[in-house]
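Just below is one structure, and these are the notes that go with it.
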Amino acid sequence: EKLHQPFYHWWASGQKTLRTLLEGRLEEAELCIYQHLQLGQQVQAPDAVQAFGIQMAILRHEQNRLQEMEAAFKEFADQYPTIPAWRCGLAGLYRELEKEAQAREEFEQIAARNFTDIPQDQQWLTALVLLSDVCAFLRDTHRAALLYELLQPYTNRVSIIGPGAACYGAVDRSLGL
């Protein structure tokens, strides 16, 4: 407020939303998610809609309503082909919905170059964490070894998307898988 920078109000509201999700206050979290989107649109935050999608997916997962996000994830994966984390998220969504054929199709596409073409950007670690779940679901031991090697330097860390839009938990969990 002292800086008169509305973008940082949006950023702070994302942190509040993340906290409500992590604390399991789901009704409050849903309200926070919509407020975060509205504020993001007001300040023209370029990632407002993507943050909304990620946060809604986490909320719907916790509510056992993840199937409601399938169309949105497909759209995000198609709309943002330069952000492989969306395709990883779609593969993860299929894993959660136990759609093995679709999960395998997405996973094979992502893993075709042994994960080397996933950009090492702010979504890289989360992408690998999501892929480790899919890899375990598909029982792909060869690629599990590759993911283990990539994730091992991040032991004792937590996977966070962007500036705190979402938390995907301990990397050690993925290493354990």
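Here, each number is a calculation from the coordinates, and none is a lab measurement. Bear in mind that the values here come from a model prediction, so they are computed numbers and not experimental data. Heads up, the Cβs are rebuilt from the backbone with ideal geometry, glycines too, and the neighbour counts pull from every protein chain shown.
Here's how it looks for G169: its modeled amide H is under 5 Å from those of S159, which are all 5 or more places away or on a different chain. Tell me the net charge near L26. Cut-off is 11 Å between Cβ atoms, L26 excluded, with +1 for each Lys or Arg and -1 for each Asp or Glu. In short, -2. On full extension, the segment bounded by E28 and I160 gains 45.4 nm, given 0.36 nm per residue less the C-alpha separation. With respect to the chain, whose longest principal axis is taken over its alpha-carbon atoms, helix 141-151 is tilted by about 40°.
Compared with the dominant principal axis of the Cα atoms in the chain, helix 124-138 is inclined by about 50°.
Under 16 Å of direct C-alpha separation, and excluding same-chain neighbours fewer than eight residues apart, K99 reaches these lysines: K74. Full extension of the chain between K2 and K16 gives 3.1 nm of extra length, using 0.36 nm per residue less the Cα-Cα distance.
With Cα atoms defining each centre, the stretch 138-177 and the stretch 4-77 are spaced 22 Å apart in the structure.
Please go through the stretch 1-89 and write out the GluC sites (Glu not before Pro) that DSSP classes as loop and that have at most 13 other C-beta atoms within 10 Å. Those that pass, being in a loop and sparsely packed, are E1, E23. When you restrict to C-alpha pairs under 8 Å that are six or more residues apart and normalise by the size of the chain, the relative contact order lands at 18 percent. Counting Lys and Arg as +1 and Asp and Glu as -1 over every other residue whose Cβ lies under 11 Å from the Cβ of L147, the net charge comes to -2.
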